[in-house]
Amino acid sequence: MKKQTILIVEDEAHIAEILIAYCQNAGYLVEHHCSGKEVVGFVEDNSIDLMLLDLMLPDIDGLEICKKIRSFSELPIIMITAKGEEIDKLLGLEFGADDYICKPFSPREVMARVKTVLRRAGNNNEIDATQVIKHSGFEMKINAFEVTFKGQFLDLTPREFLIVRLFLENSGRVFSREEILVYAYSDTFDISDRNIDTHIKNIRKKINKIAPEVDPISSVYGIGYKFNKLS
């Protein structure tokens, strides 16, 4: 399988070194630019799967780079910023960023977000083509925001819907609470990963109202949760 390439645009050397090391350890190829002046041209001429883009660069604003790239490419972009004001966060997303993270950050959190954004980008074509996910008695209509189990409607909250979608698309894979949190709360970051335990509990209850004998979501001690294929 071809390795995915991540472009890191970060002028602070120690931060860039950490990001490069974590990306390489996760199996990605890495390109690094310490300034923004050649980034747009580089993206035009090279195959990149995701960009980690610092907002405050010495020569050109990260938002301006994001805006220019969005004029010709849907490249997934995660903004990295030291600014914490809500207006800056919203502005970053309005300019076409797929996600953002504020300094100081945990490198593990950055990698969880990278994997989530890449997964979304990889699933877009399949989901757009079918609009429906069917698995083990579940039927999920993405655009209609509806999911049924054994033909009966599951009344899920928006967060629960996203969590069930993540499981249905990745049956058998173990997800940490942090990974589930990043996927379900991409628009909100001051949330404890223990919120995921509550969501899982509620999802199980709703499924058990339809089929009391069924437990499709398994707890994996010390790691998180996985979705089991049902007979």
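Could you order Arg194, Arg165 so the one with the most accessible surface comes first? Probe is 1.4 Å. Before the final figure, lay out the partial values.
On the way: Arg194 140, Arg165 45 Å².
Per-residue accessible area, sorted high to low, gives Arg194, Arg165.
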Which one of Leu29, Asn202, Ala121 is farthest out on the positive end of the charge dipole of the chain, using unit charges on Cβ (Lys, Arg +1; Asp, Glu -1) and the Cα centre as origin? Asn202
Show the residues, 5+ positions off or on another chain, whose built amide H is closer than 5 Å to the amide H of Glu31. Ile6, Leu7, Ile8
State the antiparallel share, in %, of DSSP beta bridges confined to the chain, rounding to the nearest 5. 50 percent
Just tell me, in residue order, which DSSP H segments of the chain are both 15 angstrom or longer along the helix axis (alpha-carbon based) and at least 0.0 in mean Kyte-Doolittle hydropathy. 13-25, 158-169
Under the rule of at least 5 residues apart or a separate chain, name every residue whose amide H is placed under 5 Å from the amide H of Gly36. Asp59, Ile60
Using a Förster distance of 41 Å, how high is the FRET efficiency between Lys103 and Glu213, based on the Cβ-Cβ distance and rounded to 0.05? 0.25
In whole Å, what are the Cα extents of the chain along the three principal axes, biggest one first? 60, 38, 36
Could you check the spin-label model distance between Ser71 and Glu38? Points 7 Å from the Cα along Cα→Cβ, value in nm. 2.1 nm
Inter-label distance, nm, simple model (7 Å from Cα along the C-beta direction), Phe153/Gln131: 1.9 nm
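Once the other residues with Cβ under 12 Å from the Cβ of Pro216 are scored (Lys, Arg +1; Asp, Glu -1), what is the net sum?
With Lys, Arg at +1 and Asp, Glu at -1, the net is +3.
The values are calculated or read from the model by the stated rules, or taken from the named source; none is laboratory data. What you are looking at is a predicted structure, and each value in this text was computed from that prediction instead of being measured. Because the Cβ atoms are built from the backbone with ideal geometry, glycine has one as well, and the counts that use them run over all protein chains shown. Surface accessibility is based on the protein's heavy atoms, side chains included, excluding ligands, DNA and RNA. Shrake-Rupley method; radii C 1.70, N 1.55, O 1.52, S 1.80 Å.
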